[in-house]
Amino acid sequence: MGRVMQIAAFSLAEVTYAVGGDIGFQVQESAKEARFRIRTKQENVSGVLLPKFESYNTEAKSDFGLTGLGKGGQQVQKCRETYSRAVETLVELASLQVLRDLSAHKRRR
C-alpha cells in the first residue's frame, strides 16, 4: 500500500513540474460528479453474510477535457490513472479490514 501511494504522490509531483504549478484548483472546478464509485455487497461464505466493497467507474464524459492541454496533458492523464489504481487498492484494503474486524469480533464472543 505504501508503494502505491508513493507512486501516486510522485505522479502528482510530475504533473506539478510539467504544468508549472498546482492544478488542484482546475481539478476542483472542472469536476462536477464523481466517476469513481463504491458499492457494497454481501458475500455468502458458509452461510455467513460478509460485507464486501466493490469499486467501479461510471462512463461519464471526462471532466478534465482541457486540463493540461497546453503542457503536461500526458502527465495529467497518467496521474489520474495512478490515483485511480491507488483508490482501488484502498477500497480492497478497506474490504479486507472489515472482514478482519468482523472475525476478531466473533472470536471475542
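Taking Ser55, is it outside any helix (DSSP H, G or I), at pLDDT 75 or above, among the small types (Gly, Ala, Ser) and surrounded by 15 or more Cβ atoms within 10 Å (Cβ to Cβ)? Spelling it out, Ser55 is indeed outside any helix (DSSP H, G or I), at pLDDT 75 or above, among the small types (Gly, Ala, Ser) and surrounded by 15 or more Cβ atoms within 10 Å (Cβ to Cβ).
No other residue among Lys41, Lys106 is modelled with pLDDT of 85 or more and more than 19 Å from Met1 (Cα to Cα) apart from Lys41. Evaluated against (1) at pLDDT 80 or above; (2) among the hydrophobic types (A, V, I, L, M, F, W, C); (3) surrounded by fewer than 15 Cβ atoms within 10 Å (Cβ to Cβ); (4) part of a helix (DSSP H, G or I), Leu12 falls short on exactly one condition, (3).
Filter segment 15-38 down to the residues that are of a type in the set (Phe, Trp, Tyr) and at pLDDT 80 or above, then identify the one that is surrounded by the most Cβ atoms within 10 Å (Cβ to Cβ). Explain how you work it out, then say what you get.
Let us first name the residues in segment 15-38 that are of a type in the set (Phe, Trp, Tyr), namely 17, 25, 36.
Those still in the list that are at pLDDT 80 or above too: 17, 36.
Details: Tyr17: 11, Phe36: 13.
This residue is Phe36.
Pairs are defined by a Cβ separation below 7 Å, a sequence spacing of at least 6 or placement on different chains, a first member in segment 17-38 that is aromatic (Phe, Trp, Tyr), and a second member that is outside any loop (DSSP other than H, G, I, E, B) and surrounded by 11 or more Cβ atoms within 10 Å (Cβ to Cβ); the pairs so defined are Phe36/Ser55; Phe36/Asn57; Phe36/Ser84; Phe36/Val87.
May I ask you to list the residues in segment 15-42 that are part of a helix (DSSP H, G or I) and under 15 Å from Gln77 (Cα atoms)? Passing the criteria: Val15, Thr16, Tyr17, Ala18, Val19, Gly24, Gln26, Val27, Ser30.
Kindly establish whether Arg3 is among the basic types (Lys, Arg) and either surrounded by 11 or more Cβ atoms within 10 Å (Cβ to Cβ) or at pLDDT 85 or above (or both).
Details: among the basic types (Lys, Arg): yes; either surrounded by 11 or more Cβ atoms within 10 Å (Cβ to Cβ) or at pLDDT 85 or above (or both): yes.
Yes: the conditions hold for Arg3.
The values are calculated or read from the model by the stated rules, or taken from the named source; none is laboratory data. All values reported here derive from a predicted model rather than from experimental measurement. Don't worry about glycine lacking a Cβ; one is built from the backbone with ideal geometry, like all the others, and counts go over all protein chains shown.
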